[in-house]
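Encoded as structure tokens, the structure appears first; notes follow it.
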There are 2 protein chains.
Amino acid sequence: MNVTSMDVARVAKVSQATVSRVLNDNPNVSEEKRAAVLAAMEAVGYRPNVLAQGLRMRKTATIGVVVAGITNPFYPEALEAVGKQLERAGQRMVLWDSDRGGEEAALDAVQQGLVDGVIFTSVSEGSGTLDEALRLKAPIVLLNRGSINASCDQVTSNNFEGAAEAARYLYQIGHRRIGLLGGPLAARTARDRMDGFLHGLRELGQPVPDELICDALFTHEGGRMGVQELLDLDDPPTAVFCVNDFSAFGAVDGAREAGLDVPLQLSVVGYDDVAMAAWRSYQLTTVSQQLDAMSGRAVELLLRRVGRHEAPVRHDHFSGALVIRNTTAPPASQA
Amino acid sequence: MNVTSMDVARVAKVSQATVSRVLNDNPNVSEEKRAAVLAAMEAVGYRPNVLAQGLRMRKTATIGVVVAGITNPFYPEALEAVGKQLERAGQRMVLWDSDRGGEEAALDAVQQGLVDGVIFTSVSEGSGTLDEALRLKAPIVLLNRGSINASCDQVTSNNFEGAAEAARYLYQIGHRRIGLLGGPLAARTARDRMDGFLHGLRELGQPVPDELICDALFTHEGGRMGVQELLDLDDPPTAVFCVNDFSAFGAVDGAREAGLDVPLQLSVVGYDDVAMAAWRSYQLTTVSQQLDAMSGRAVELLLRRVGRHEAPVRHDHFSGALVIRNTTAPPASQA
DNA sequence: CTGAAAGCGCTTACAG
DNA sequence: CTGAAAGCGCTTACAG
């Protein structure tokens, strides 16, 4: 903030332009001058002012990321994956949480030139501001949270198919009364998983009655309350599919609180395959997502768009895989 | 990035300076002009360029935060707490992970004027770069990770005392052979908790033999490996204190994998009181930190320092509290 | 190869 | 109250 390229120029006895040239690896600098500049930089402890560079170059080498509730264990993993890619690409990351107005803030930031682009891992469907930013050609990609309306790059799991597979699996091991713990309908991810699950069961001639469908809000507490509601039914389900792992942990915990054994008295399946899912105390059956590959793609698409805005819109799907662990078993009646 | 204050000036038929004045709520603007400018801004969809403002004002309203392994459930909670405070103060947050060179990067960023200050929730003791940044008056505060050497604002829990209390509690309910699952010695937090624990037991005439001390690396996997090592001893401990919750979950899981009942055959206590600690499947006995208060203080200290660099250095301590749940019980021999 | 100069988009004394 | 102008720290044509 203190020593500028001008100072360096002074001690190196060259023009400020030359300092800038060596900074930018411009070949048009003689070896002597380059050496002198490098030495001077070292001597005075020069750090280029990133703001000034950004103002001049119209880019900042920083990318915004918005998550929805960082306390959901899915997000730290997503941030780690995205962060790794961003770091590799020499980009910084600024973080927003949509639980605290992050969506708007991020959109503002791209338009203010503070970040070169943003990755949304959460979008409220039909937000006018997103559409507007897109119209203004702001580089934006949606990761793990698609949107039908928005015409921008999107990378998602095949949530519908993954959930359908989970449905088939539960049916196949003998369950006939299966509950669904859904997520916020504003989230396309939640809707796709719910739809896929419902579809899978319907195809097997096993439609899910309304009483077996609860909203678990994507959270542990939601999952916990959700199962308890289901368990209070006159004819409770023998298995429950949760729209994400976070709420599935809640469902397992809720069932255990009610004194049930998981999976012997209730099977639970989640979605995401977060690291915790493999922990001994849960060993959750779930659907895994290719988070690293997805994050890599998202960063790649975004950076491409930061370069040339006119690239055609892409929508990439990655497949998921059912990971069978120990929260699922045939229903007690069959055991 | 496109429409500038010049454009606004043009349509409002005023000078660019006047546009800037209304932007900055300068009282010296007539009501008519102000209205005209506001209308023009609206009409052209103006967003001030934050980079230019930052360059001029020498501040950016963004704060850097560095965490050590965002996958540790403590960090999302810390980020949420810090983020809430930052948001309230109108500051943005850029995030770095020290697992991927974030410490250096953040230090660079303050000096490049990219962020106004940085909150470290992780510092490698004796990093020369930190000292250098401090000498250059960079606004820096250490949150939850003190350092004896660094002369900068620090806000920490009273880790030594909290750990000593955990030790006393285990002794008091009857344990005499107690293991310690430590963390990286480079982290002052880990050292203080280890020291406090060891001290507490020593005072009770119950020094901990070396064979009962393992490093659990602050991670789930570390905790899991750590207990297994302890459990393989000829005379295994009946209780174990873990230096953070993340590794304590691992310890519980490791014990369960070994077929032990927690707490009947092994008591486990953690540190942090992360949300998960209260979940049914763990119900971990642990030491809570006043994370919200600590985060608030850290932000406050940092912002104060961003304003006037010469404020005297402060080092604030917050007390912790033992939270007794269900991973602790008297040893089997006494039950 | 190198320097003087313009300009990125703002803010803020400085004169009216 | 208001405008013209300087300057924040860079990059990059433009002339040599």
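The values are calculated or read from the model by the stated rules, or taken from the named source; none is laboratory data. Just so you know, these numbers come straight off a predicted model, no measurement behind them. Neighbour counts are summed over all protein chains in view; Cβ atoms, including those assigned to glycine, are modelled from backbone coordinates with ideal geometry. Please note that ligands, DNA and RNA were not included when accessible areas were found on the heavy atoms of the full protein model with its side chains. Shrake-Rupley method; radii C 1.70, N 1.55, O 1.52, S 1.80 Å.
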**Study point:** Computed P(r) (all Cα pairs; the protein assembly as shown; 20 Å bins; percent)
**Key:** 17, 44, 31, 8, 0
Check your understanding: From the label point of A:Asp234, set 7 Å along Cα to the beta carbon, how far off in nm is each other copy's matching point, shortest first?
Key -> 6.6
Review point. Using the alpha-carbon centroid of each, what span in Å lies between the range B:313-330 and the range B:113-134?
Key: 27 Å
Review point. Going toward the positive end of the dipole of chain A, with +1 on Lys and Arg Cβ and -1 on Asp and Glu Cβ, which of A:Val323, A:Val110, A:Gly250 do you reach last?
Key: A:Val110
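Would you mind checking the pairs B:Lys59/B:Lys84; A:Lys33/B:Lys137; B:Lys13/B:Lys84; B:Lys33/B:Lys84; A:Lys33/B:Lys59; A:Lys137/B:Lys59 and listing those with alpha carbons more than 29 angstrom apart?
On the way: B:Lys59/B:Lys84 20 Å; A:Lys33/B:Lys137 31 Å; B:Lys13/B:Lys84 40 Å; B:Lys33/B:Lys84 36 Å; A:Lys33/B:Lys59 33 Å; A:Lys137/B:Lys59 27 Å.
Cα-Cα > 29 Å for A:Lys33/B:Lys137; B:Lys13/B:Lys84; B:Lys33/B:Lys84; A:Lys33/B:Lys59; rest within.
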Exercise for review: Place the label 7 angstrom along Cα→C-beta at B:Pro27 and in each other copy, then list the distances from the first to the rest in nm, shortest first.
Suggested key: 6.1
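Please list B:Asp292, A:Asp192, B:Asp234 in order of solvent-accessible area, largest first, computed with a 1.4 Å probe with all protein chains present.
B:Asp234, B:Asp292, A:Asp192
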Practice item. Kindly work out what percent of the DSSP beta bridges joining two residues of chain B are antiparallel, to the nearest 5. Key: 10 percent
Check your understanding: Given H placed 1.01 Å from N in the peptide plane, which residues other than close sequence neighbours of B:His175 have an amide H under 5 Å from its amide H?
Key -> none
Study note, to complete from the structure: One finds the C-alpha centres of the range A:15-30 and the range A:244-279 to be spaced, in Å, by 60 Å
Check your understanding: Could you give the dipole magnitude of chain B about its Cα centre, charging the beta-carbon of Lys and Arg +1 and that of Asp and Glu -1, in debye to the nearest 20?
Key -> 1680 debye
Review point. Using the per-residue mean of other Cβ atoms lying within 10 Å as a proxy for protection, in what order, highest first, do the peptides B:82-89, B:161-168 fall?
Key: B:161-168, B:82-89
Check your understanding: Which angle from 0 to 90°, rounded to the nearest 10, does the C-alpha axis of helix A:31-44 make with the longest principal axis of chain A?
Key -> 70 degrees
Study note, to complete from the structure: Over the Cα atoms of the range A:214-323 the radius of gyration and the largest Cα-Cα distance (Dmax), both in Å, equal 18.0, 59
Check your understanding: Quick one: of the DSSP bridges fully inside the protein assembly as shown, what percent are antiparallel, nearest 5?
Key -> 10 percent
Revision key, fill the gap. Shortest first and in nm, the label-point separations between A:Gly174 and its counterparts in the other identical copies (7 Å out along Cα→Cβ) come to 4.0
Study note, to complete from the structure: Carbon/sulfur accessible area of the range B:1-48, % of total, 1.4 Å probe, equals 51 percent
Practice item. Could you point to the residue in B:Ser30, B:Thr18, B:Ala43 farthest towards the positive end of the range B:1-48's charge dipole, with +1 and -1 charges on the Cβ of Lys/Arg and Asp/Glu respectively? Key: B:Thr18
Check your understanding: Tilt of helix A:188-203 relative to the longest C-alpha principal axis of chain A, in degrees (0 to 90, nearest 10)?
Key -> 30 degrees
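Send over a whole-number figure in Å² for the accessible area per residue of chain A, probe 1.4 Å.
Working: 13730 Å² over 335 residues.
Each residue of chain A exposes 41 Å² on average to a 1.4 Å probe.
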Review point. Taking θ as phi - 60°, what are the ³J(HN,Hα) couplings along the range A:89-102 by the Karplus curve (6.51, -1.76, 1.60), each to the nearest whole Hz, with x for Gly and Pro?
Key: 8, x, 10, 8, 10, 10, 10, 10, 10, 5, 5, 10, x, x
**Study point:** Reference-scaled alpha-carbon Rg (2.2 N^0.38 Å with N residues) for the range B:1-48
**Key:** 0.97
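Return the loop-located trypsin sites (Lys or Arg not before Pro) in the range A:106-149 (DSSP other than H, G, I, E, B) with at most 16 other Cβ atoms within 10 Å of their own Cβ; answer none if there are none. Please report the intermediate quantities before stating the final value.
On the way: sites: A:Arg135, A:Lys137, A:Arg145; in loops: A:Lys137, A:Arg145.
Sites meeting the loop and neighbour criteria: A:Lys137.
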Exercise for review: Enter the buried accessible area of the B/A pair, total of both sides, probe 1.4 Å, in Å² rounded to the nearest 100.
Suggested key: 4500 Å²
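Report, please, the projected area of chain A averaged over directions, based on the convex hull of its C-alpha atoms, in nm². Intermediate values should be presented prior to the final figure.
Details: hull surface 81.5 nm².
Average projection, Cα convex hull of chain A: 20.4 nm².
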